[in-house]
Amino acid sequence: MSEQRAFQDDYPDDFNHCYGCGQLNPEGLRIRTFWDGETTLTRYTPRACHTAIPGFVYGGLIASLIDCHGTASAAAAASREQGPPGDASPPRRFVTASLRVDYLRPTPLGPELEVRGRITRIDGRRITVEVEVSAEGRITARGTVIAAALPEKWGHNSAD
């Protein structure tokens, strides 16, 4: 899968600094999200600094993974809606309008986490993504991200 371009690889530089998904943030998580059939997929291995209590991942990391996976999935879904690949314009950037996370069981620290998203609604500038986080084949958290497209005129220095 490493040969495939991640959604985040096509974010414009002005919008590629997010702690969770920004490829230009050397201190961030730098998650990478891909299509896997009709769902989206991110794989991430938490580091020791992501500890809640010994042996388990802290909930903030889980929420960040769900959040950034959801907004990346929304950007990819919007690109798919616009038509076939090959358009030179970068994908539209999405930000979080709403985030809900349900923690189902402790997430073990150590194994690679799989984050899967499913687009459940496209409604104008808002896209809803249902996300599941699993470790070693067991779902540990579920979330819902409602992502809103940034206005096209919104630039790096705009406050709209």
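Here, each number is a calculation from the coordinates, and none is a lab measurement. All values derive from a computational prediction rather than experimental measurement. We place every Cβ from the backbone using ideal geometry, glycine too, and count neighbours over all the protein chains shown.
Phi angles across segment 107-123 convert, under the Karplus curve 6.51 cos²θ - 1.76 cosθ + 1.60 with θ = phi - 60°, into 3J(HN,Hα) values of 9, x, 8, x, x, 5, 9, 10, 10, 10, x, 9, 6, 10, 7, 10, 9 Hz, Gly and Pro given as x.
Between E136 and R100, residue separation times 0.36 nm minus the direct Cα-Cα distance comes to 10.7 nm.
What value, in deg cm²/dmol to 500, does the helix sum -39500 (n - 2.57) over DSSP H runs of n ≥ 4 give at 222 nm once divided by the residues of the chain? Taken over the chain, the calculation gives -5500 deg cm²/dmol. Close amide H partners of L150, meaning residues 5 or more places away or on another chain with modelled amide H under 5 Å apart, are R93, F94, V95.
Annotation: amide H of A52 within the under-5 Å range of V57, Y58, sequence separation 5 or more or interchain, hydrogens built in the peptide plane. Max-minus-min Cα coordinates of segment 1-68 on each principal axis give 36, 29, 20 Å, with the largest extent listed first. Here, P(r) means the percent of Cα pairs in each 5 Å bin from 0 to the largest distance; for segment 89-154 it is 4, 16, 22, 19, 15, 12, 8, 4, 1.
3J(HN,Hα) along segment 126-140: 10, 10, 9, 10, 8, 10, 10, 10, 9, 10, 6, x, 10, 6, 10 Hz, from the Karplus curve 6.51 cos²θ - 1.76 cosθ + 1.60 with θ = phi - 60°, whole Hz, x for Gly and Pro.
Extension gain for E81-E152 works out to 23.9 nm (0.36 nm per residue, less the C-alpha to C-alpha distance).
Measuring r between the beta carbons of E27 and Q4 and using R0 = 30 Å, the FRET efficiency lands at 0.75.
Over the C-alpha trace of the chain, radius of gyration and Dmax come out as 15.3, 47 angstrom.
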